[in-house]
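Presented below is the structure to which this report refers.
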Amino acid sequence: MVFFNKETVSMDSSFNVLKSLNEQTQVGFSNIEGKVFVWNYETDGETTGSVNVSGKGFTAIGIANDQTELVKKYFEENGYKIDFFTISAGTLSGISGYKKDKSICVVSTTVWKDEHGMPMAVDKLDVDVSCGELEE
């Protein structure tokens, strides 16, 4: 990392994406840390696979639905396309994959559950964002 006009600038594109996401959405994310995450892909319409990606990520605990939408909107407004192969959703969580050139990000959203494992009727979600680059 280098300092430019008293701001931290990184040569790591994943760090810069997450820093920009945090600044633009004003969501209370944790510190950016190194992360390894899985990226699913389709090769020829029939063959599928996955790759472990080393990148960066952070988490926001207990944020509202509208803040979660700001996170998704950030990627859409910054030239990322939803990777439909990476998307999976359930009743308690969902995963969205975003891709722009070699840059990829995975947004995982989890609904809060009570002590019995049932979804709570509150507007609180945990959101985990991981970004990295594909080696194509």
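When residues of segment 29-71 are filtered for being aromatic (F, W, Y) and open to solvent by 80 Å² or more (accessible area, probe 1.4 Å), how many remain? Let's see the steps before the verdict.
In the first step, residues of segment 29-71 are kept if they are aromatic (F, W, Y); the result is 29, 37, 39, 41, 58.
Of the ones still in play, those that are also open to solvent by 80 Å² or more (accessible area, probe 1.4 Å) are 41.
Selection size over segment 29-71: 1.
Yes/no matrix, rows are residues, columns are (1) farther than 18 Å from S130 by Cα; (2) at pLDDT below 90; (3) assigned to a strand (DSSP E or B):
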| position | (1), (2), (3) |
| --- | --- |
| T8 | yes, yes, yes |
| L21 | no, no, no |
| G28 | no, no, no |
| F37 | no, no, yes |
| G49 | yes, yes, yes |
| N52 | no, no, yes |
| L70 | no, no, no |
| E76 | no, no, no |
| F84 | no, yes, no |
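The values are calculated or read from the model by the stated rules, or taken from the named source; none is laboratory data. The shown structure was predicted, so the numbers you read here are calculated from the model rather than taken from an experiment. Just so you know, the surface numbers come from the protein's heavy atoms only, side chains and all, with ligands and any DNA or RNA stripped out. Shrake-Rupley method; radii C 1.70, N 1.55, O 1.52, S 1.80 Å.
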